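**Q** Below you'll find the structure I mean.
The values are calculated or read from the model by the stated rules, or taken from the named source; none is laboratory data. Note that the structure is predicted; figures quoted are calculated from it, not measured. Positions of Cβ are generated from backbone atoms using ideal geometry, with glycine treated the same way; all protein chains shown enter the neighbour counts. Calculation scope for accessible area: heavy atoms of the full protein, side chains included, ligands and nucleic acids excluded. Shrake-Rupley method; radii C 1.70, N 1.55, O 1.52, S 1.80 Å.
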Amino acid sequence: MFMRQRKSMKSKFLLLLIFLPLVSFSQAKDSKKNAQDESDLARVAILNFKNNTGDKNLVWITTNLPENIYESMQKRFEFIRTNPKKAQAIADKINPGNRKFRKHEILQIAKKSKSDIVIYGDFFLNKKTNQLEFTAHVFHVEEQKDIGVAKESSPIDNTIFDKIDKISQKIIDDIYQYALRVQERETAEAKKKKVRIM
């Protein structure tokens, strides 16, 4: 499974594998290849963020933040979003409260929702600074670890929207940087194989 950048970008990088350009031979083959191409894309679950503030007036952030992340990712990458309602229902069953997710729970959610990547997070009110503290995780299922963590803090005012945008951008940057590392690793491995063959 992989995620690649939109074709409008100059460079094409994958999240899990290097993208191999497809050659079209006929309309039928194009259709078949497009279906195969889509099936190879990473399946991404974006969960609601847990509201640990105790303030019901901030519940809107729990769904607004993941949607903002999704829209930002759509502009940059090609991927398949796991059905949001299904993924959330699974997450709520595994961890019904506001407690932070544990690794084994994220792996369960990924398995049951058939996702390759799980994006999740939470926010709480720091009473000392009177600011909201946001944390977002990009969990890579195959590697069983976070490939990105975004943190931001914001006063409870209109600047929240700017911070939400920044979190989304940080996630995009983390995914992009991870894709570059994968490409470099794959290139290095290919060179080693070539040397061994020679």
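**Q** Using 31 Å as the Cα-Cα cut-off, could you pick out the over-long pairs in LYS103/LYS128; LYS85/LYS127; LYS75/LYS127; LYS86/LYS128; LYS75/LYS128; LYS93/LYS128?
**A** Among LYS103/LYS128; LYS85/LYS127; LYS75/LYS127; LYS86/LYS128; LYS75/LYS128; LYS93/LYS128, the Cα-Cα distance tops 31 Å for LYS85/LYS127; LYS75/LYS127; LYS86/LYS128; LYS75/LYS128; LYS93/LYS128.
**Q** Per the Debye formula with a single identical scatterer at each Cα and no solvent contribution, what log10 I(q)/I(0) holds for region 81-198 at q = 0.15, 0.23 Å⁻¹?
**A** Evaluating at q = 0.15, 0.23 Å⁻¹ gives log10 I(q)/I(0) of -0.80, -1.28.
**Q** Give a residue-ordered list of calculated ³J(HN,Hα) values for region 135-151 (Karplus: 6.51 cos²θ - 1.76 cosθ + 1.60, θ = phi - 60°; whole Hz; x for Gly, Pro).
**A** With the stated coefficients, region 135-151 comes to 9, 10, 10, 10, 9, 9, 5, 4, 7, 6, 7, 6, 9, x, 9, 10, 10 Hz.
**Q** Using modelled amide H (1.01 Å from N, peptide plane; none on Pro or chain starts), what sits under 5 Å from the amide H of GLN131, excluding residues fewer than 5 places away?
**A** Distant-sequence amide H within range of GLN131: ASN126.
**Q** Another question, if that's okay. Students often get this wrong: which residues of region 109-127 have the backbone nitrogen under 11 Å from the point 7 angstrom along Cα-to-C-beta of ALA89?
**A** The answer is none, because no backbone nitrogen lies closer than 11 Å to the label point.
**Q** Students often get this wrong: which residues of region 47-84 have the backbone nitrogen under 19 Å from the point 7 angstrom along Cα-to-C-beta of ASN126?
**A** 50-55
**Q** OK, next. Modelling each spin label as a point 7 Å along the Cα-to-Cβ direction, I'd like the LYS75/LYS100 distance in nm, to one decimal.
**A** The answer from the label model is 3.0 nm.
**Q** Counting heavy atoms of the protein chains only and a 1.4 Å probe, report the per residue accessible area for region 86-198 as a whole number of Å².
**A** With the other protein chains kept in place, region 86-198 gives 60 Å² per residue.
**Q** Using 7 Å Cα-to-Cβ label points, what is the ASN64/GLN144 separation (nm, one decimal)?
**A** 3.8 nm
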